[in-house]
Amino acid sequence: MTFVDAAAAPRRKTGEIKLYGQDAFAGMRKAGKLTAEALDMLVAEVRPGVTTERLDKLAFDFAMDHGAYPAPLMYRGYRRAICTSINHVVCHGIPNDKPLREGDVLNVDVTLIVDGWHGDSSRMYGVGTIPRRAARLVDVTYESLMRGIAAVRPGATTGDIGHAIQVFAEAERCSVVRDFCGHGLGRLFHDEPNILHYGRVGEGVVLRPGMLFTIEPMINLGRPHVKVLGDGWTAVTRDRSLSAQFEHTVGVTDDGVEIFTLSPAGLHRPPLTVD
Ligand code: MF3
Ligand code: CO
Ligand code: CO
C-alpha cells in the first residue's frame, strides 16, 4: 500500500465519505480555477505539428509560474505533468515527441495541486479541421458530462449521475467506458467515492453537502471495451474506435452543485473546426 492509499484506508473500510467545509471549498475554487486556466492556455497551442511533449512542458511551466504542482508527476510511477489522449486513446496517454496531425482529436487532462488542494479537469481539443463524426462524439461527451453534473444535489446518489450519463450517451448510439471512473478528491488525488459513468437511479452512495469529486465520462463511438498498452498507462479502445472525455471537479452544495473547474475564458468546450 502506498502512502496515499494508507491515508484513505480507514475511510475505505467504513465506507464513510469525507465531508468538507467552507475552507476546503475556498481551496478547491482556487485549485479548480488555476487548472481551468492551464487548459485555457493550451487552446492556442494545440495545432498540427505540435508535440504532446511540448504541451506537457507548457503545462509544467504554467504550474511552476503559479505556485502549483502537477499531481500526475511521479504519481504511481507516472513521469509527466499531464495526460494527452489522442483519437482511440481513452485516457492516460503519455505525452511524447510525435507531432499532432490535422484531424486528430485530443484530450488534455490537467490536475494541479494548489495549497494542497487538487483541481482535476480535462477537455477535448481539435487539431486543425476534424471529421464530422469526431465532432459529434466530442459534443455527445461534453453533454454527457453536463447531464451527469446536473444530477448532483444532496439526497441524489452516485448512481443517478451514472444513469444520466449512460442514458444520454447510449441514446446517441455511443458507449460508456466501464473500466475507469470519476473519484473523490480534495487533499488526496484519488479518494472515495468512485463515480461510475453508468448505473441505475438510486444506486450507490447518497450525496451530501460537502462531498468533493470528479465526473469524467469516457465515451466511445464503437464498443466500450478498453485495453492498457505495454507502457502500463495508455488505455485504448479494443476496436480502435474514437474515444472522447471531459472532466470537471465539483462539490455538493446545500442546494445543488458547484463546478470548480469552469473556464474563466469560456473555453470549457474548445471550439472545433469541422470538415
Ligand atoms: N487526471 C487523471 C484523472 O482524472 C489521473 C491521471 S493519473 C496519471 O483521474 F498518473 F496518469 F497522471
Ligand atoms: Co480525475
Ligand atoms: Co483528470
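The values are calculated or read from the model by the stated rules, or taken from the named source; none is laboratory data. This one's a predicted model, so the numbers in the text were calculated from it and none came from an experiment. Every residue, glycine among them, receives a Cβ derived from its backbone with ideal geometry; neighbour counts consider all protein chains shown. Remember, those area values only see protein heavy atoms, side chains included, never the ligands or the DNA or RNA. Shrake-Rupley method; radii C 1.70, N 1.55, O 1.52, S 1.80 Å.
Below are the figures for this structure:
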item	result
Residue within the stretch 82-97 that is of a type in the set (Ser, Thr, Tyr) and over 25 Å from Ile219 (Cβ atoms) present	no
Test: residue in the stretch 58-68 that is within 21 Å of Trp233 (Cα to Cα) and at pLDDT 95 or above	yes
Residue in the stretch 88-101 that is more than 16 Å from ligand 3 (Cβ to nearest atom) and either within 17 Å of the chain's Cα centre (by Cα) or of a type in the set (A, V, I, L, M, F, W, C) (or both) present	yes
Residue within the stretch 220-227 that is of a type outside the set (Asp, Glu) and closer than 15 Å to Ala164 by Cβ present	no
Any hit, the stretch 93-100, residues being open to solvent by 20 Å² or more (accessible area, probe 1.4 Å), within 16 Å of ligand 1 (Cβ to nearest atom) and either more than 24 Å from Met28 (Cβ to Cβ) or at pLDDT 95 or above (or both)	yes
Which numbered condition Asn107 fails, given (1) more than 15 Å from ligand 2 (Cβ to nearest atom); (2) under 14 Å from the mean Cα position of the chain (by Cα)	(1)
Contacts under 9 angstrom Cβ, first residue in the stretch 17-38 being of a type in the set (Phe, Trp, Tyr), partner assigned to a helix (DSSP H, G or I), 6 or more apart	Tyr20/Gly27; Tyr20/Met28
Looking only at the stretch 181-212, and only at residues there that are touching an Asp or Glu at 6+ places or on another chain (Cβ under 9 Å) and β-branched (Val, Ile, Thr), the one that is nearest to ligand 3 (Cβ to nearest atom)	Ile195
Subset tally (residues that are surrounded by 21 or more Cβ atoms within 10 Å (Cβ to Cβ), of a type outside the set (Val, Ile, Thr) and within 13 Å of ligand 1 (Cβ to nearest atom)) for the stretch 206-234	4
Qualifying residue in the stretch 112-121 (condition: within 16 Å of ligand 2 (Cβ to nearest atom) and within 27 Å of Cys174 (Cα to Cα))	yes
First in the stretch 65-82 and closer than 16 Å to Lys30 by Cβ, second anywhere and near ligand 1 (Cβ under 8 Å from one of its atoms) and open to solvent by less than 50 Å² (accessible area, probe 1.4 Å), Cβ under 6 Å, 6 or more apart	Ala71/Thr111; Ala71/Phe189
Single match in Arg80, Arg147 (criterion: within 14 Å of ligand 1 (Cβ to nearest atom), open to solvent by 50 Å² or more (accessible area, probe 1.4 Å) and in contact with a helix residue (DSSP H, G or I) (Cβ under 6 Å, 6 or more places away or on another chain))	Arg80
Selection from the stretch 165-205 of residues that are of a type in the set (Phe, Trp, Tyr) and open to solvent by less than 50 Å² (accessible area, probe 1.4 Å)	Phe168, Phe180, Phe189
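Residue-by-condition table, conditions (1) open to solvent by less than 20 Å² (accessible area, probe 1.4 Å); (2) over 17 Å from Glu216 (Cβ atoms); (3) basic (Lys, Arg):
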site	(1), (2), (3)
Lys33	no, yes, yes
Glu45	no, yes, no
Thr51	no, yes, no
Ala59	yes, yes, no
Glu102	no, yes, no
